[in-house]
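The values are calculated or read from the model by the stated rules, or taken from the named source; none is laboratory data. Given the structure is predicted, the values throughout are model-derived calculations rather than measurements. Cβ: placed from backbone, ideal geometry, glycine included. Neighbour counts: every protein chain shown. Just so you know, the surface numbers come from the protein's heavy atoms only, side chains and all, with ligands and any DNA or RNA stripped out. Shrake-Rupley method; radii C 1.70, N 1.55, O 1.52, S 1.80 Å.
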Amino acid sequence: MAKKEYSFYPGCSSQKGASSINYLRSVETMCEDLDVQLNTIPDWNCCSASIGYNGGGELPRLVLSARNIALSEKNHPGQDIVSPCAACWLGTRESQERLNHNDSLMAEANTALKEAGLELEGKKDVRHMVEVLIEDFGYDALGAKVKKPLNDIKIAGYVGCQTNRPFGIDGESFENPKYLDKLIETLGGEPVENYDKKVSCCGGALAFSEPDKSQALIKDIIESAYDGGADMIVTPCPVCQMNVEVYQDQINAKYNTKFKMPVVYYSTLISVAYGHNAKDSALDGQVIRAKQLEEIAAK
Amino acid sequence: MSNTAMVEKYRSNFLKEVAENVEEGEWVRMCMQCGVCSGSCPMGPHWEHPPQELFMMIRANKREEVLSSSSMWMCTSCYNCIARCPRELPITHIMHGLAHYAKRLGLAPKENPTNKFSQRFWDNLTKTGRVNELKLGLSLYFMNGFVEGIKTALKMKDVGMGMLKTGRMNPLEILGGHGVKDKSGFQAMLKKAQELEAARVDK
Ligand code: SF4
Ligand code: SF4
């Protein structure tokens, strides 16, 4: 298969020394195996991730995404924009749709963009990394590259909010999207059936501002994974990953639970199943170590 | 425009004020009060007034009560409501829009933590074009004052150590860190967008 190229929007949390740098590393490993070339959008900026609305009004927030799309149009014509981050993907895709839907907002956005020497056409396909895997490769092609199947590992596919609503992946239902379960099966693992909290919210950015209320939500997400017999949770979103992984000690202290549930990215699972070592699969980025994956990676 | 000017301008037609000034506010007219959205918010029990109720209050001219409410600051942007609303209202955006409008008029609850966090997030990202997680985190710990800040920082110490050890946090970010190269273009663009928006609201 010929090399596939995409205009890549990594997002703030995938920067060096940021909270999902491990995600980026495993995505890069995975993409190398799939012969995918990710061309980073030069000089991209933050999308404001559904939370900048206090200081930022509608137009200022929309032009953030407009700038990224305009940069992609200029530097990577003909390439779809792809982001591994749920919030970046949603924000970019939705901003483009809203601008295309409203001529006067579009005109204003272009007036603002001119200040940065840019212009927006607004005809890019904006996609999540998971869509590239499922739509441009497909489960069979992804499965063909598995060298070390994830045998005997039971995994809860936590889809969460923003890779699910409002756009969805691969036309699946909002209530019970199956793509993570199918990916787990493709890699030889066992998905948790009827994972109760599959599409529940982890609190998103409010995990910072409303920690107690968010941790109550996170507790249910983890508990329901344990109830389904999960060894670990997999997610397609950096906010979900961080929220569900790093507060487990605080939740344990508060609720008298004994959680120690690894939470990994699909790209980590794929990298391990494709035969990579712990480092290239970014297993060293786990705050709660995924020992079963480490064992497979060391084999 | 100031709060009093807006009160003056719209008299007792808050629905019109919302439709003309709040992001996606014109959609409020389309609400049929079915209540589906209110049952969808993950932090539902903590909302003083869930979305459907806010929409009813807007129609009933409960201006102060709506704009000073902490409700819309409880929105997690989960998009449950948008996926379910039979009238396809962009409820998430209306919540963000109401929050922003309340803030703009000086009516937002000042001590609401999401109000504070959201402003810090915006300030953080607009300074360099990209979010600096370390500075954002620190400013967040200290947003309730110095003593509270130390307490929060201590409580969060283990989380921070976990991130540090796994290379997911970089203490050197405090010295500056990531940002766009074309900072002047980026900031000029935002300034222009803010001017255009202010002109539209003031009309
Ligand atoms: S779901 Fe839609 S129509 Fe129903 S109350 Fe909420 S906003 Fe109104
Ligand atoms: S997006 Fe906001 S308003 Fe809508 S259901 Fe979620 S929390 Fe409620």
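When shorter helices are ignored and each DSSP H run of at least 4 residues is given -39500 (n - 2.57), the per-residue value for chain A at 222 nm works out to -12500 deg cm²/dmol. By the Cβ distance rule (another cysteine Cβ under 4.7 Å), the unpaired cysteines of chain A are A:Cys12, A:Cys31, A:Cys46, A:Cys47, A:Cys202.
Qualifying GluC sites (Glu not before Pro) in segment A:82-191, where qualification requires a DSSP coil assignment and no more than 11 other C-beta atoms within 10 Å, comprise A:Glu175. The listed peptides A:195-204, A:288-297, ordered by packing as a protection proxy, come out as A:195-204, A:288-297 (highest mean of other Cβ atoms within 10 Å first).
When Lys and Arg each count +1 and Asp and Glu each count -1, what net charge do the other residues less than 11 Å away from A:Pro166, Cβ to Cβ, add up to? Let's see the in-between values first.
Values: positive: A:Arg93, A:Arg165, B:Arg84; negative: A:Glu94, A:Glu97, B:Glu88.
It works out to a net charge of 0.
Put the Cα centre of segment A:21-81 next to the Cα centre of segment B:19-88 and the gap is 30 Å.
Anything over 21 Å Cα to Cα? Flag those among A:Lys4/A:Lys145; B:Lys116/B:Lys181; A:Lys197/A:Lys260; A:Lys154/A:Lys291; A:Lys254/B:Lys110; A:Lys219/B:Lys103, in the order listed. All intermediate terms of the calculation are to be shown ahead of the outcome.
Details: A:Lys4/A:Lys145 16 Å; B:Lys116/B:Lys181 28 Å; A:Lys197/A:Lys260 17 Å; A:Lys154/A:Lys291 13 Å; A:Lys254/B:Lys110 28 Å; A:Lys219/B:Lys103 32 Å.
Pairs exceeding the cut-off: B:Lys116/B:Lys181; A:Lys254/B:Lys110; A:Lys219/B:Lys103.
Solvent-accessible area per residue in segment A:157-289 equals 33 Å², computed with a 1.4 angstrom probe and all protein chains kept.
Defining a contact as two alpha carbons under 8 Å apart and six or more residues distant in sequence, what relative contact order in percent does chain A show? Intermediate results must be reported in sequence, preceding the final value.
Working: 513 pairs, mean separation 54.8, N = 299.
The value is 18 percent.
Segment A:275-297 and segment A:163-236 have Cα centres spaced 21 Å apart. For segment B:10-110, the dipole from Cβ point charges (+1 on Lys and Arg, -1 on Asp and Glu) about the Cα centre works out to 140 debye, to the nearest 20.
Share of segment B:10-110's accessible area from carbon and sulfur, percent, 1.4 Å? It would help to have the intermediate numbers written out before the result.
Values: 1960 of 3940 Å².
C and S atoms contribute 50 percent here.
This model, with +1 at the C-beta of Lys and Arg and -1 at the C-beta of Asp and Glu, gives the protein assembly as shown a dipole about its Cα centre of some 1180 debye.
Just checking the output field for A:61-67: average partner chain Cβ neighbours within 10 Å of each residue's Cβ?
Mean partner shielding for this stretch: 5.
Taking a sphere under 13 Å around the Cβ of A:Lys213 and counting the other residues whose Cβ falls inside, with K and R at +1 and D and E at -1, yields a net charge of -1. When A and B come together, around 5700 square angstrom of accessible surface is lost from both chains combined, probe 1.4 Å. The mean number of partner chain beta-carbon atoms within 10 angstrom of a residue's beta-carbon across peptide B:42-49 is 3. Using the Cβ-Cβ distance between A:Thr111 and A:Lys258 with R0 set to 45 Å, the FRET efficiency works out to roughly 0.20.
Of the trypsin sites (Lys or Arg not before Pro) found in segment B:6-79, those in coil by DSSP whose Cβ has at most 14 other Cβ atoms within 10 Å are B:Arg11. The residue list A:Ile184, A:Tyr158, A:Pro238 was ranked by how far each Cα lies along the charge dipole of segment A:138-297 toward its positive end, using unit charges on Cβ atoms, and A:Pro238 comes out on top. Seen from A:Val36, the other residues with C-beta closer than 10 Å to its C-beta sum to a net charge of -4, counting Lys and Arg as +1 and Asp and Glu as -1.
Counting partner chain Cβ atoms within 10 Å of every residue's Cβ in B:109-120, what's the average?
Mean inter-chain Cβ contacts per residue within 10 Å come to 4.
In the elastic network of chain A, a GNM with C-alpha springs shorter than 10 Å, the most mobile of A:Pro262, A:Pro191, A:Pro211 is A:Pro211.
Charge dipole of chain A (Cα centre as origin; +1 on each Lys and Arg Cβ, -1 on each Asp and Glu Cβ, all else neutral): 620 debye, rounded to the nearest 20. With r defined as the distance between the Cβ atoms of B:Val201 and B:Arg84 and R0 fixed at 35 Å, what FRET efficiency is calculated, to the nearest 0.05? With a Förster radius of 35 Å, E is 0.70.
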